[in-house]
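The values are calculated or read from the model by the stated rules, or taken from the named source; none is laboratory data. Keep in mind that what you see is a predicted model, and the values were worked out from it rather than measured. Positions of Cβ are generated from backbone atoms using ideal geometry, with glycine treated the same way; all protein chains shown enter the neighbour counts.
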Amino acid sequence: MALNIDTETENILKLLCFVILADGHIYAEEIDALSECSNTIGLMDKQGHPLSREVVQKWFYAQKTTLSESNSDTDRDIILTRLILKLADYPDKPKVVEALQSISAADGIIHREEKLMTSIVKAYWQHTSPGEAL
């Protein structure tokens, strides 16, 4: 689904999407948390309007299909690594890490895969920005 958003916003949404898909289960609470977190982070379209709940949810389901078509866990790991690298200079990484944690906890259980993914993102970003606390 093509949205009227810039590449950086798209990459943040993709990263947030990964934590939802990490454990192989998709819960409505996680999708709701994705919408809420996109607003908390301040994600906007190219005209400066906050992304609506409907737009974020439609985007998620379109993205889910794309990620599900990846041939293997290795392919998904490569996509995740590229996203982390592309967002290494994002100025508000702590909010993104908080969003990953919030989405992970939204269904009442933080699954091992979700915790691992969040830890990888946090560890990499701390390594690339030693002066910034996450």
*Given (1) closer than 16 Å to Val121 by Cβ; (2) in a helix (DSSP H, G or I), index of the condition Asp23 fails*: (2)
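What about Ser104, is it assigned to a helix (DSSP H, G or I), under 15 Å from the mean Cα position of the chain (by Cα), modelled with pLDDT of 90 or more and over 23 Å from Thr7 (Cβ atoms)?
yes
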*How many residues does the stretch 59-98 contain that are modelled with pLDDT of 90 or more, charged (D, E, K, R), farther than 17 Å from Glu114 by Cβ and assigned to a helix (DSSP H, G or I)?*
4
